[in-house]
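The structure appears right after this line, and notes come after that.
Every read-out reported here was derived from the displayed coordinates using simple, explicitly stated rules and does not represent laboratory data. Model, not experiment: these values are computed from the prediction. Quick reminder, even Gly has a Cβ in these numbers, built from the backbone with ideal geometry, and neighbours come from all protein chains shown.
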Amino acid sequence: MLATASPRHGWDFSRMNALRQPVPWEYSDVVARYLDPADVVLDIGTGGGERFRELARLFGHGLGIDVDPQMIRHAEQASAAPNVEFRVCSEQLEAVTSAGFDVIVCRHAPFNLRVVADHLRPGGYFITQQVGERTMTSVKEALGQSLAGPVIAPEHFMQADLRLLAFAEYDVEYVVCDIESLVFWLSGLDLCHADVAGSAALTSAATFSQVLAGNVDDRGFVTNEHRYLAIGQKRLSSVLPGRPSR
């Protein structure tokens, strides 16, 4: 199965056959509510640019950055959005010269809130969805990986002098419906882009059996998806005319 598993391209897992319980928000829908046609937008940890390209029609110009050069090459090759460019850069934004982004977004990637605040215009928005520490609990327990602390919390925004507009969390059941999807999913997760090295579950039949044990029912492999959503705004004396606070 490992030999025949298709490689992951960019950060695209759409080929998986999976079921997820209803969730209180969808990341792209939330971000879309904060975008205006003239906005200049930065995407931190853009991966292969998959989500950023979907949103490109809603803003004026966008820059997607990722620490992984291979991801950026894939994003540049796959992009058909003329108003979006991509660049290799870390969450410290050392290769980003602009300090006046209208919106900065970050989905499932490291970020530095103080650096984010420095690159937002007054009244600008930062929107992030982060993988929660309890995600894939069954896999982590089988691999002997302890759960880390939360990657984001409301007090982090206050420390960066950003006004916290919203903070939410969900933890729902996630079912991978067939073995091919499970092998593809695990082999595509690495510590550069996720909080678990999924390939560790595939090192031997015994280890894979340990991951499966007690976590399979008639629907498939059962685990969970834990996510945080946070929205902050750079402080200013008054909201800019024509740009209502959301």
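Things worth noting here:
- Helix 69-78 and the longest principal axis of the C-alpha atoms of the chain enclose an angle of approximately 80°.
- Inter-centroid distance (Cα atoms) of the stretch 136-153 relative to the stretch 1-55, Å: 22
- Maximal additional length on extending the residue 164-residue 194 stretch stands at 8.3 nm, based on 0.36 nm per residue less the C-alpha distance.
- Built amide H within the under 5 Å cut-off of residue 36, gap 5+: none
- Equivalent-ellipsoid semi-axes of the chain, from the Cα gyration tensor, Å, largest first: 34, 20, 16
- Each residue in 178, 218 was given a count of other beta-carbon atoms within 10 angstrom of its own, and listing them fewest first yields 218, 178.
- For the pair residue 112 and residue 172, the difference between a 0.36 nm per residue extended length and the Cα-Cα distance amounts to 18.9 nm.
- Considering only the chain, percent of DSSP beta bridges that pair antiparallel, nearest 5: 55
- Estimated vicinal HN-Hα couplings, Hz - the stretch 149-162 in sequence order (Karplus 6.51, -1.76, 1.60; Gly, Pro = x): x, x, 7, 8, 8, x, 5, 4, 5, 5, 5, 9, 6, 10
- Vicinal HN-Hα couplings computed from phi for the stretch 100-115 (Karplus, 6.51 cos²θ - 1.76 cosθ + 1.60; Hz; Gly/Pro x): x, 6, 6, 9, 10, 10, 7, 10, 6, 8, x, 8, 10, 4, 5, 5
- Across the chain, C-alpha contacts under 8 Å between residues 6 or more apart give a mean separation that, scaled by the residue count, equals a relative contact order of 22 percent.
- Placed amide H near residue 86: partners under 5 Å, 5+ positions off or other chain: 64
- Förster radius 25 Å - calculated FRET efficiency between residue 32 and residue 236, Cβ distance, rounded to 0.05: 0.60
- Rounded to the nearest 500, the helix-only mean residue ellipticity at 222 nm of the chain stands at -6000 deg cm²/dmol, with each DSSP H run of n ≥ 4 adding -39,500 (n - 2.57).
- In plain terms, the chain from residue 155 to residue 54 could stretch by 33.3 nm, reckoned as 0.36 nm per residue minus the Cα-Cα distance.
- The GluC sites (Glu not before Pro) of the stretch 1-68 that DSSP puts in a loop, and whose beta carbon has at most 15 other beta carbons within 10 Å, are 26.
- Working note: Karplus 6.51/-1.76/1.60 with θ = phi - 60° gives the stretch 170-187 the couplings 9, 9, 10, 5, 9, 10, 8, 7, 9, 5, 5, 5, 5, 5, 4, 4, 5, 5 Hz, where Gly and Pro are set to x.
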